[in-house]
Amino acid sequence: MPDQHSHPTTLTVNGERHDLVLDPRVSVLDALRDRLGVTSVKKGCDHGQCGACTVIADGRRIVSCLALAVSYDGAEVTTAAGLGSVGALGALQEAFVDRDALQCGYCTPGQVCSAEAMLAEAEAGMPSHVTADVAALDPVRLSPEEVRERMSGNLCRCGAYPNIVDAILDVAGERGLA
Amino acid sequence: MKAFAYARPGSIAEALELAGDGDDTQTAYLAGGTNLVDHLRLGIARPDTLIDLSRLDFGGVEETADGGLRIGANVRNADLAADPALRRRFPFVSEALLAGASGQLRSMASTGGNLLQRTRCVYFQDRSTPCNKREPGSGCSALDGYGTYNALIGASEHCVAVHPSDLCVPLAALDAIVHVTGPGGERAIPFDQFHRLPGDAPERDTTLEASEIITAVEILALPWASRSRYRKVRDRASYAFALVSVAAAVDVADGVVTDVRLALGGVSHKPHRARAAEDALRGQPATPAAFEAAIDAELEAARPGKDNAFKVGQLRRTTVAVLTELTQTEGDRP
């Protein structure tokens, strides 16, 4: 009802279900960090511009700062911690380590979540701004130019971009996308 | 952020009932949230009630009987850009979507919400400065302030802001139809009549009436729009709003332009359909000289300010380049 200011909200985070009661102003980002203690998602600009807060919600990459948690009631959310763990890193996490694709590391959780979903988009044939001819419906081959364009929503203030691109291309190659 | 009540209606009828006859200062509709949630946080949008439409099923991308497409308002920008029918029939619509925002934002943002994006004029977003769009009667800071992104065509003494959407530029070229449902029932708004010029009421971006909900955008069949292109000029190679953009579709027979659709982004308070250029070009040879004469006919209406005069030459060069590329290869799309 519109006169209520707290709403039962369920989020399943990295496979674990959480039942919350939330003010509708709470973002998915703040629900994760402040209510659930999930710190494997970072707050950068809080305006949808930097990509640090990227998570995968129901299979789609989103900036969790612009997502109201009440609107995502029932969603399955994956953060960087859901892509692997120490001793059992996910493929992208392993590649970021191998390629030294970070300096301070603050943008890295968002980078790997964004990259994971981006590779799925490429596999599904989603074109990009640098696709030569969108009408051709060609399968996607990820070049460095393609990775840079598709990852442009994730800023890295340290400027680790060359190694980030290399790390993502390593995994794209393993998955037959490069 | 100001407190608000939240409701997630299960139908359009229920949403309209919740909205009542309230104006948009009392209620706001939520879809993808990429613009609205930011404005809630900045205090630019201050509704009492937020009505969440994001789970209403307005349909996907469907082919219409006449060979056009009907796009449900909740189709996400990323899904629309990837749609095979859209890419084959209206490639410049897909190109425009892909030129906008970032992968994350495109996977959140809705079709209906894209039409309702508010200007990125820096003063509109900065509550410490006067802005007639944000606070009617307070004045326009952009008139004498930072003016790189200011409008060239159709501005008023009250507002020089431009519409930020990429998607809307080819939709203007295509004479798309915006389907809406409101307390008074359903109606279909021609695209050119959906957005408005600022005049003395810049706080109103569109001609939507109180509580009306966008349910779909319809693109009518235009077989020769398979030869179309969208080009965006911006300060960065990716993830930036347009300085200017050009959406063009052209039909050529025996070296003569038989028909053309042209719309410009980054130049006006609404996506700008370049009808003077279209009229000047129809029946002319498909040559760079004719393209330049056509865009010059359109740009006679330009009123550049101190910071944005460069956009005139930028529009001329970009339009000539796009039309030249589209027409230099006979048959297949270049």
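The values are calculated or read from the model by the stated rules, or taken from the named source; none is laboratory data. The structure displayed is predicted, hence computed values, not measured ones. Glycine gets a Cβ as well: all are built from the backbone with ideal geometry, and neighbour counts include every protein chain shown.
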### Query
If you check every pair at least six apart or on different chains, which have Cβ atoms under 9 Å apart with a residue in segment B:234-252 that is more than 23 Å from A:M151 (Cβ to Cβ) and within 14 Å of another protein chain (Cβ to nearest Cβ) first and a residue that is surrounded by 17 or more Cβ atoms within 10 Å (Cβ to Cβ) and of a type in the set (D, E, K, R) second?
B:A247/B:E95; B:A247/B:D166; B:A247/B:R229; B:A247/B:R231; B:A247/B:R261; B:A249/B:R227; B:A249/B:R229; B:A249/B:R261
### Task
Mind counting the residues in segment B:169-195 that are part of a loop (DSSP other than H, G, I, E, B) and under 21 Å from B:A96 (Cα atoms)?
4
### Query
Using beta carbons and a limit of 9 Å, which pairs, at least six apart or on different chains, have the first residue in segment B:267-286 and touching a residue at least 24 places away in the same chain (Cβ under 8 Å) and the second one charged (D, E, K, R) and in a loop (DSSP other than H, G, I, E, B)?
B:H269/B:R196; B:H269/B:D205; B:K270/B:R196; B:K270/B:D205; B:R273/B:D175; B:A276/B:E300
### Query
Of all residues in segment A:119-144, which are loosely packed, with under 13 Cβ neighbours inside 10 Å and touching a Ser or Thr at 6+ places or on another chain (Cβ under 9 Å)?
A:D138
### Query
Quick one: would you say B:R76 is touching a residue at least 40 places away in the same chain (Cβ under 8 Å) and under 21 Å from A:G125 (Cα atoms)?
yes
### Query
Residue check: is A:G44 small (G, A, S), buried (at least 17 other Cβ atoms within 10 Å of the Cβ), within 14 Å of chain B (Cβ to nearest Cβ) and in contact with a helix residue (DSSP H, G or I) (Cβ under 9 Å, 6 or more places away or on another chain)?
yes
### Query
List pairs: first in segment A:71-92 and free of Cβ contacts under 8 Å to residues at least 12 places away in the same chain, second surrounded by fewer than 17 Cβ atoms within 10 Å (Cβ to Cβ) and aliphatic (A, V, I, L, M), Cβ under 9 Å, 6+ apart or cross-chain?
A:L89/A:V97
### Query
Looking at segment A:1-90, what strands (runs of 3 or more DSSP E) fall wholly within it and have at least 3 residues that are within 28 Å of A:A122 (Cα to Cα), among the charged types (D, E, K, R) and modelled with pLDDT of 95 or more?
none
### Query
Of the residues that sit in segment B:117-151 and are aliphatic (A, V, I, L, M) and more than 13 Å from B:F241 (Cβ to Cβ), which one is surrounded by the fewest Cβ atoms within 10 Å (Cβ to Cβ)?
B:L143
### Query
Does A:G105 satisfy the criteria of being assigned to a loop (DSSP other than H, G, I, E, B), away from chain B (no Cβ under 14 Å) and either of a type outside the set (F, W, Y) or within 13 Å of the chain's Cα centre (by Cα) (or both)?
yes
